[in-house]
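Inspection log for the structure reproduced underneath, given as structure tokens.
The values are calculated or read from the model by the stated rules, or taken from the named source; none is laboratory data. The model shown is predicted, which means the values in this text are computed figures rather than measured ones. Here Cβ is always computed from backbone atoms with ideal geometry, including for glycine, and neighbour counts include all displayed protein chains.
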Amino acid sequence: MAAKKKGSRKSGGRKYGQAASKSVKSAIDREKKGTLKSGRGGKGGTVKSRKQAIAIGLSEARKKGAKVPKKKKAA
């Protein structure tokens, strides 16, 4: 029987790090409060979509260097 690799996705490894989940939670909280803005420097409109709030949280986590997979490239 072959041994499973430690930390691989199939054996229950985490896709996102703990710091990334904190960043996403923070973004969702700001979205609920109505203070989360989209765009560079927060000059865009207020975010109303939960999916967009998650994307912004993951983007912030990437900038901080947290364990987050790279963005998928458009085909």
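So which residues in the stretch 32-42 are under 16 Å from GLU60 (Cα atoms) and part of a loop (DSSP other than H, G, I, E, B), if there are any at all?
THR35, LEU36, SER38, GLY39
Do you know which residues across the stretch 35-75 are touching a helix residue (DSSP H, G or I) at 6+ places or on another chain (Cβ under 6 Å) and either of a type in the set (Val, Ile, Thr) or without any contact (Cβ under 8 Å) to a residue 40 or more places away in the chain (or both)?
LEU36, VAL47, ALA53, ILE54, ILE56, GLY57, GLU60, VAL68
Examine the stretch 7-24 for a residue that is modelled with pLDDT under 80 and of a type in the set (S, T, N, Q), and state whether such a residue exists.
Within the stretch 7-24 (the criterion being modelled with pLDDT under 80 and of a type in the set (S, T, N, Q)), the answer is yes, since at least one residue qualifies.
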